[in-house]
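Peer 1: The structure that follows is given in the form of C-alpha cells.
Rule-based calculations on the coordinates, nothing more; no lab input. These figures come from a predicted structure and were not determined experimentally. Here the Cβ positions follow ideal geometry from the backbone for every residue, glycine too, while neighbour counts run over all protein chains shown.
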Amino acid sequence: MKIDGNELAIRQNDLDREGFCQEAMALKKEFLEQVRQSGDHCPCKEACPHHGNCFECVTLHRGHRDHLPMCMWDMVNERLHTLSRMTEGSLRTYEEQHP
C-alpha cells in the first residue's frame, strides 16, 4: 500500500481544510483501516523491535531527539528541497561560506 502521497489521505486533508469535517473524518478512518489491513508498511531496513509500530518508533525518536524515523526522511527532504529552491538552491554555498 502506498502511504506517502496517498490520494485518499490527500482528499481527506483537502476536505478538512474546506470545512467538511465529517466527510474528512470518514476518509481518514477509511485510509487508516486500509493501512492496518495492508500489513507491514514500515520502510525502515533496520532490524529493530519497534519495526512497524509507529507509536513506539515515533515516541522514541521524539524522546531522544537525535534523528527522524526513516519513514519521514522522504517527506522532510521533499520540503527542504522546495525551500532550497526558493533561494535558488543556494544552501550548499551558504553552508560552505558559514562553517
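Peer 1: For Cα pairs less than 8 Å apart in space and 6+ apart in sequence, what is the mean separation divided by the residue count of the chain, i.e. the relative contact order in percent? Don't jump to the answer; show the numbers that get you there.
Peer 2: Values: 44 pairs, mean separation 16.1, N = 99.
Worked out over the chain, it gives 16 percent.
Peer 1: Over the stretch 19-65, one equal point on each Cα, no solvent: what is log10 I(q)/I(0) by the Debye formula at q = 0.17 Å⁻¹?
Peer 2: -0.67
Peer 1: What distance in nm separates the simple spin-label points at residue 29 and residue 97, each placed 7 Å from Cα in the Cβ direction?
Peer 2: About 5.5 nm, to one decimal.
Peer 1: Using the alpha-carbon centroid of each, what span in Å lies between the stretch 41-99 and the stretch 15-31?
Peer 2: 27 Å
Peer 1: Would you compute, from DSSP H runs of 4+ residues alone, the mean residue ellipticity of the chain at 222 nm, taking -39500 (n - 2.57) per run and dividing by the full residue count, rounded to the nearest 500?
Peer 2: Working: 5 runs with 60 residues, N = 99.
Helices in the chain give a 222 nm mean residue ellipticity of -19000 deg cm²/dmol.
Peer 1: Compute the distribution of all C-alpha to C-alpha distances in the chain, in bins of 5 Å from 0, and list the percent of pairs in each, rounded to whole numbers.
Peer 2: The percentages, shortest bin first, are 2, 11, 14, 15, 17, 16, 12, 8, 3, 2, 0.
Peer 1: Would you mind calculating the gained length between residue 1 and residue 87 on full extension (0.36 nm times residue separation, minus the Cα-Cα distance), in nm to one decimal? If you can, show how the numbers build up before the last one.
Peer 2: Details: separation 86, 0.36 × 86 = 30.96 nm, distance 3.49 nm.
Answer, rounded to one decimal: 27.5 nm.
Peer 1: Treating the angle as unsigned and between 0 and 90°, give the value, to the nearest 10°, between the Cα long axis of helix 54-64 and the longest Cα principal axis of the chain.
Peer 2: Roughly 30 degrees, rounded to the nearest 10.
Peer 1: Using 0.36 nm times the number of residues separating residue 18 and residue 65, minus their current alpha carbon distance, what extension gain do you get? Mind showing how you got there, number by number?
Peer 2: On the way: separation 47, 0.36 × 47 = 16.92 nm, distance 3.38 nm.
Length difference between fully extended and current span is 13.5 nm.
Peer 1: Measure nothing fancy, just the Cα-based angle from helix 21-37's long axis to the longest principal axis of the chain, in degrees from 0 to 90, nearest 10.
Peer 2: 90 degrees
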